[in-house]
1. Do you know which residues across segment A:44-85 are crowded, with 19+ Cβ neighbours inside 10 Å and touching a Gly at 6+ places or on another chain (Cβ under 7 Å)?
2. Among the residues of segment A:31-59, write down those that are at the interface with another protein chain (Cβ under 7 Å from one of its Cβ atoms) and within 19 Å of the chain's Cα centre (by Cα).
3. Restricting the search to segment B:58-79, which residues are surrounded by fewer than 24 Cβ atoms within 10 Å (Cβ to Cβ) and of a type in the set (A, V, I, L, M)?
4. Suppose the filter is out of contact with any strand residue (DSSP E or B) (no Cβ under 7 Å at 6 or more places or on another chain), modelled with pLDDT under 90 and more than 7 Å from chain A (Cβ to nearest Cβ); does B:I80 pass it?
5. Among the residues of segment A:145-159, is any facing another protein chain (nearest Cβ under 8 Å) and touching a residue at least 40 places away in the same chain (Cβ under 8 Å)?
6. Taking B:L38 as meeting all but one of (1) aliphatic (A, V, I, L, M); (2) at the interface with chain A (Cβ under 7 Å from one of its Cβ atoms); (3) surrounded by fewer than 20 Cβ atoms within 10 Å (Cβ to Cβ), write down the number of the exception.
7. Give me the pairs: first residue in segment A:115-141 and free of Cβ contacts under 8 Å to residues at least 40 places away in the same chain, second residue charged (D, E, K, R) and surrounded by 14 or more Cβ atoms within 10 Å (Cβ to Cβ), beta-carbon distance under 9 Å, and six or more apart or on different chains, which are they?
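The values are calculated or read from the model by the stated rules, or taken from the named source; none is laboratory data. Every value quoted in this text rests on a predicted model; they were computed, and no experiment measured them. Don't worry about glycine lacking a Cβ; one is built from the backbone with ideal geometry, like all the others, and counts go over all protein chains shown.
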Amino acid sequence: MTKVLAVATIPDAITFAIAAAICVVGAFGVVLARNPVHSALMLVMTLFGVAVLFVEENAQFLAAVQVIVYAGAIVVLFLFVIMLLGVDRSEAIERDPLPGQRFIAVCLGILGLAEVLLLAHGQWPRGARSVSGAQGSPADNVRLLGRSVFTTYLLAFEVTSALLVIAVVGAVVLARRPRRALGDAIPPGADEPLDGSPVADAGGEDAGGEDAGADVADVAVTGADVAVRREAEPQAVDPEAIDAEVTRP
Amino acid sequence: MSVGASWYLTLAAVLFTIGATGLLIRRNVLVMFMCVELMLNAANLTFVTFARSLNDIAGQTAVFFVLVVAAAEVVVGLGIIVSIYRRRPGATADDVHGLRG
């Protein structure tokens, strides 16, 4: 610590120490908190600490983005999902399928950290410098970063936009409730492959047998009948009703 | 002058280790996801530290892209988690072994 203080100015060293402590405490909180909401709030703490360290390292734009995108958007998304799914998801430790796995995991973590810190002492090849230029003074940070993103890494930037669109579409497809959407959009007689999806079965698991039988007979049924049966499906219909409906001309 | 780069790298290694260990320890899928975010942040800290110590803006550009990819990953991952919880409420990571083989 004395060496650090000799090189760094006192305010910088104090800032680093406080931010590092906040980061580490927040990281431990994420891992150790029982409640997922507390984990998310501890994650916010760590993210703010990292943002402070970004400012300390002349990455002002990234610090702002860190607070806005990570602490503002991603953690709020986490909290939305936690609240949506219910808070009281405590983990049942007593029915641990892999006994001793936590202990081994902690040992592995300590070993990995020791390995990284040992390897950090060596002299490693750096390779060529990048083509995007120097970091510059703190006042130039946004300008230089913007020039780097929009000239040197322009193609990667454009591909990133495609990635975001794909992610949004994928999230919508994943989070959609399939049954209601299928009932409307399905053409007559073309329902067979979609109906066998596991999500559609989730509503009436006990009716799986009748469901499969009805599906086989379903091919001959007209589109109107398909829509009627789909509305009745969540209540796990009895076989007689299905048979009556199927045999109806 | 700021604190030396080795301190930042050590802190990043500690954060990464905590995240990786938490990923192995916890069973709650959401908390595991947060541990992944922790590891990503440790990597970001390393990128920024090397950008400073090598005086090269490309490290910060890499962090920019990591942020974007992390956002996309969180969106898709949370969508998957929501659809898993819709099928079986209260599922932990051990309950989801349909592709185990």
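1. Within segment A:44-85, A:T46, A:G49 qualify.
2. A:V31, A:P36, A:S39, A:A40, A:L43, A:T46, A:L47
3. Matches in segment B:58-79: B:A58, B:A62, B:V66, B:L67, B:V68, B:V69, B:A70, B:A71, B:A72, B:V75, B:V76.
4. No: the conditions fail for B:I80.
5. yes
6. (3)
7. The qualifying pairs are A:R129/B:D56; A:S130/B:D56; A:S132/A:R147; A:S132/B:D56; A:G133/A:R147; A:G133/B:D56; A:A134/B:D56.
For every residue, the table says whether it meets (1) free of Cβ contacts under 8 Å to residues at least 40 places away in the same chain; (2) over 24 Å from A:Y153 (Cα atoms).
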{"site": "B:S53", "(1), (2)": "no, no"}
{"site": "B:T61", "(1), (2)": "yes, no"}
{"site": "B:F64", "(1), (2)": "yes, no"}
{"site": "B:V74", "(1), (2)": "no, no"}
{"site": "B:G79", "(1), (2)": "yes, yes"}
{"site": "B:S83", "(1), (2)": "yes, yes"}
